[in-house]
Amino acid sequence: MPPLDTLVAFESVARLQSFTRAAAELCVTQSAVSKQIRTLEQALGVELFTRQARGVKLSPSGLMYHDEVLPALHRIHTAGQRVSATRAANTVTVLATHAVSQFWLFPRLLGFSAIHPEITVNINATNDILPFMVPDCDLAILYGNGDWPGLVSTSMIAEVIYPVALPGSPGTQASTLDELANLPLIQLTSAWDCMEWKDWFAHFNHAYQSPKSAPTFNQLTLTYAATLQGAGISLAWDFMAADTVRKGELVRVTEFAAVTGLAEYVVHDAGRPLSPAATYFKEWLLQESARTG
């Protein structure tokens, strides 16, 4: 068994694709992260990363190892949360993506706390959610079609995707797909199942190829932040942009919106009954989604 800190460093570098950003996240020096990765590579006898001019990426061996290590680290983390939560019957652990946590859950949690101050809600935000992780938490919010064996799922947020931009930005008056395709579009290249510009245009039977010079991010939250800074036009999911558009902080570009038929579902393990606290929180989630559309 390699030291646990080398696995933690490996997961952070793999996710962030940078030794520097991993060091900042782990609150250690870059040289310490490099040493941990070297130790792990020496123990395994393979190179885990391919060094590039800007950051690193997983080697074929690294990708294989990552697919095995990530679930194990997640289970260790959530096991600790569950053990801690058993001390308080009124604690609810929830698994959700960064975008859902940041833009939908967090802004509403104060409202839940006002109704149920006796219940503590712990949010575990990660974009590497897989169905097998759900039993380690009380509830999870999964994206898909709702068909997951062994899980009870209830549709919560329908997937609706449209372009947004800062008011006054170039191209905000575009009305057709042809006009939109020729504007500075912020690109998203995500490792998880997330609609990109090419997919979005294809939804309307319109061909699109992203230019090589376009600004590109690997996280939905980063493309959204870039749009808020006036860097261009990005795709936004209604659950994250609706309030901002309503306030006039962003504007929709064109009237086109992709309704995919998929959704964010609140799910839990079918083999384990929900606690009263988790039941209250699930009911509140569904009430909030119905209230805000």
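The values are calculated or read from the model by the stated rules, or taken from the named source; none is laboratory data. Values in this document were obtained by computation on a predicted structure and should not be read as measured data. Methodologically, a virtual Cβ is constructed for each residue, glycine included, from the backbone with ideal geometry; neighbour enumeration extends over all protein chains shown.
Checking each residue in segment 211-253 for being in contact with a helix residue (DSSP H, G or I) (Cβ under 9 Å, 6 or more places away or on another chain), under 27 Å from Met156 (Cβ atoms) and not in a helix (DSSP H, G or I) picks out Phe217, Gln219, Ser234, Leu235, Ala236, Trp237, Glu249, Leu250, Val251, Arg252, Val253. The C-beta contact set for segment 158-181 (first residue charged (D, E, K, R), second residue not in a loop (DSSP other than H, G, I, E, B), distance under 6 angstrom, 6+ apart or interchain) comprises Glu159/Thr260; Glu159/Leu262; Glu159/Ala263.
When the criteria are applied in full, Leu188 fails the requirement of being in the same structural domain as Glu255 (by TED's automatic domain parsing) and modelled with pLDDT of 95 or more. With respect to Ser113, is the statement that it is outside the structural domain of Asn218 (by TED's automatic domain parsing), outside any loop (DSSP other than H, G, I, E, B) and surrounded by 17 or more Cβ atoms within 10 Å (Cβ to Cβ) true? In short, no.
Looking across segment 254-271, the residues that are among the aliphatic types (A, V, I, L, M) and in a strand (DSSP E or B) come down to Ala258, Val259, Leu262, Ala263, Val266, Val267. The residues listed here are Pro170, Pro163, Pro149; of these, the one that is part of a loop (DSSP other than H, G, I, E, B), of a type outside the set (Gly, Ala, Ser) and either in the same structural domain as Tyr208 (by TED's automatic domain parsing) or under 17 Å from His203 (Cα atoms) (or both) is Pro170. You will find that of Met195, Met156, the residue that is buried (at least 19 other Cβ atoms within 10 Å of the Cβ) and farther than 30 Å from Gln17 by Cβ is Met156 and no other. Only residues that are surrounded by fewer than 15 Cβ atoms within 10 Å (Cβ to Cβ) and under 23 Å from Glu179 (Cβ atoms) were counted across segment 230-248, and they come to 2. Kindly indicate whether any position in segment 185-200 is farther than 30 Å from Asp67 by Cβ and part of a helix (DSSP H, G or I). No, the conditions are met nowhere in segment 185-200.
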